[in-house]
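Each remark here refers to the structure printed beneath this line.
The values are calculated or read from the model by the stated rules, or taken from the named source; none is laboratory data. From a predicted model like this one, the values you see are computed outputs, not experimental measurements. All Cβ positions, glycine included, derive from the backbone under ideal geometry; neighbour counts span all protein chains shown.
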Amino acid sequence: MFKKLRFLFYRLAQQPCFVLHIHQGQIQLQQGQVSQAFLSACQDIVDLYALQQGLIMGLKREEYIQLRFYDLPAKLQQNFRNIWENS
């Protein structure tokens, strides 16, 4: 419940540049734009670790886009950050 409220707060307070939703092992772009290469690399991580659900948001900061994660294991989040930095 708390995670959902926190997600709603960030979504309303900080309009994300993009939102990626993981559902039943598939990642989909729900909002914004990302490169096909980034989306494909994210799907590779989802497949590798058999992720079934989660959310990745790109939040605009002054000079960069920060990734925020919901319902994703902390130990896997760095994989997505590495792909983002290299895309």
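In the stretch 37-47, the condition of being loosely packed, with under 13 Cβ neighbours inside 10 Å and touching a residue at least 12 places away in the same chain (Cβ under 8 Å) is met by at least one residue.
Of all the criteria given as (1) at pLDDT 90 or above; (2) part of a loop (DSSP other than H, G, I, E, B), the one not satisfied by I45 is (2).
Could you please find all residues in the stretch 48-87 being aliphatic (A, V, I, L, M) and without any contact (Cβ under 8 Å) to a residue 24 or more places away in the chain?
Residues of the stretch 48-87 that are aliphatic (A, V, I, L, M), as a first pass: 48, 50-51, 55-57, 59, 65, 67, 72, 74, 76, 83.
Residues satisfying the conditions are L48, L67, A74.
Scan the stretch 61-80 for residues that are out of contact with any strand residue (DSSP E or B) (no Cβ under 8 Å at 6 or more places or on another chain) and not small (G, A, S) and the total you get is 9. When A50, A37 are screened for being in a loop (DSSP other than H, G, I, E, B) and modelled with pLDDT of 95 or more, only A50 passes.
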